[in-house]
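The values are calculated or read from the model by the stated rules, or taken from the named source; none is laboratory data. The structure displayed is predicted, hence computed values, not measured ones. A quick note on method: Cβ atoms are made from the backbone with ideal geometry, for glycine too, and the neighbour counts reach across all protein chains shown. Heavy atoms of the whole protein, side chains included, go into the accessibility calculation; ligands, DNA and RNA do not. Shrake-Rupley method; radii C 1.70, N 1.55, O 1.52, S 1.80 Å.
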Amino acid sequence: MLSLLYRGTLASCNYACGYCPFAKKQDSRAALARDAREVARFTAWVAQQARPIGVLFTPWGEALVRRHYRSAMQNLAALRHVQQVALQTNLSGPLNWLDGMDGLEKIGLWCTFHPGQTTIRRFLERCARLDTMGVRYSVGVVALHEHYGAIAALRAALPKHVYLWLNAYDRRGPGYYAAGDLAWLDDIDPWFAQSRRPAPSRGKGCFAGETALSVDGDGELARCHFVPERLGNLYDSELADILQERSCPRFKCDCYIGYAQRKDLPYQAAFGKGVLARIAPA
């Protein structure tokens, strides 16, 4: 399967998280119109292919409040050769478009809970609605000290099969996490250690560039979001000339989007078909 990690022009978000540089950013009407055209072009390209494809939308902003992303996911999931359609979201957008849609089993939502932007009660109500509709999803939180209460409440309330992932706080200093905290956090998320202490990456084998590519709104291709070297363009390059085994040039890879593709790490095997949206097998 060819995995395409798509990130277009969209940069606006309806949330104002203090740890995010895109908090409460607003796109102009022109930027939103451009983003809609880019998404439509990308969706049309995927529809013309024959090979098995998985798509992960990784926007800088919040995509599910935009109709063109919801429509794109519906259209992609209905295609026989598309095996996965995943998207990162704060889960604040409409959900009724998922109810009874064709290809629902291919949808995966990577849902982040942001304390202070919504309540746990409302977030869990929306998760429960996903469960009722049969939508597969994962839930995550940035593991700040002030989020510990929310982490505990989410784990207690979410179904056991829903993976609760934790992202280490990027601006933490030495000793930010006490030993007792780490034992508790690691018990909740068995993969938390990779987030807070990334395994060295340089020279390691990676599916990025071989079976996975990063795509921007203009169709420009890179092996992943974190290695900006241009490989070609989705719309006018031969992928057979681009896709090849490559080792990682970075000293470390500290984002799941990247290290999930590492060949020496267990994520492809552990998550299987749900790897793009961090969804563990039932």
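Side notes on the structure shown:
- Rounded accessible area of residue 102 (nearest 10 Å², 1.4 Å probe): 110
- Percent RCO, i.e. relative contact order, over the chain, from Cα pairs under 8 Å lying at least 6 residues apart: 18
- Mean separation of Cα contacts under 8 Å (6+ apart) over length of region 162-233, as relative contact order %: 21
- The lysines within cross-link reach of residue 204, meaning a Cα-to-Cα straight distance under 25 Å and a gap of 8 or more places when in the same chain, are 252, 263, 273.
- For region 3-84: relative contact order, % (alpha-carbon pairs under 8 angstrom, 6 or more apart): 38
- Label point of residue 81 set 7 angstrom out along Cα-Cβ; within region 40-55, amide nitrogens under 17 Å from it belong to 41-55.
- Computed about its Cα centre, the charge dipole of region 72-195 is approximately 220 debye, with only Lys, Arg, Asp and Glu carrying charge at their Cβ.
- Were the residues from residue 233 through residue 125 laid out at 0.36 nm apart, the gain over their Cα-Cα distance would be 34.8 nm.
- Considering only beta bridges that DSSP places wholly inside the chain, some 20 percent are antiparallel.
- Heavy-atom accessible area order for 1, 133, 73, largest first, 1.4 Å probe: 1, 133, 73
- Pairwise Cα distances in region 25-147 exceed 22 Å for 38 percent of all pairs.
- Test item: Cα-centred dipole of the chain, Lys/Arg +1 and Asp/Glu -1 on Cβ, debye: 280
- Each Lys and Arg Cβ is given +1 and each Asp and Glu Cβ -1; about its Cα centre, region 1-158 then shows a dipole of about 300 debye.
- Length gained when the stretch residue 1-residue 160 is fully extended (0.36 nm per residue, less Cα-Cα span): 54.3 nm
- With K and R counted +1 and D and E -1, the other residues having a Cβ less than 14 Å from that of residue 205 yield a net charge of +4.
- Accessible area, probe 1.4 Å, largest first, for residues 60, 191: 60, 191
- Within the chain, the proportion of Cα pairs with more than 32 Å between them is 22 percent.
- Taking a span of 18 Å or more along the helix axis (Cα atoms) and a mean Kyte-Doolittle hydropathy of at least -1.0 as the rule, the DSSP H helices of the chain that qualify are 29-47, 120-133.
- The H on the amide N of residue 137, modeled in the peptide plane, is under 5 Å from the matching H of 109, each at least 5 residues off or on a different chain.
- Surface composition of region 1-128: carbon and sulfur make up 48 percent of the accessible area, probe 1.4 Å.
- Distribution of pairwise C-alpha distances over region 162-246, 10 Å bins, in %: 15, 32, 24, 22, 7, 0
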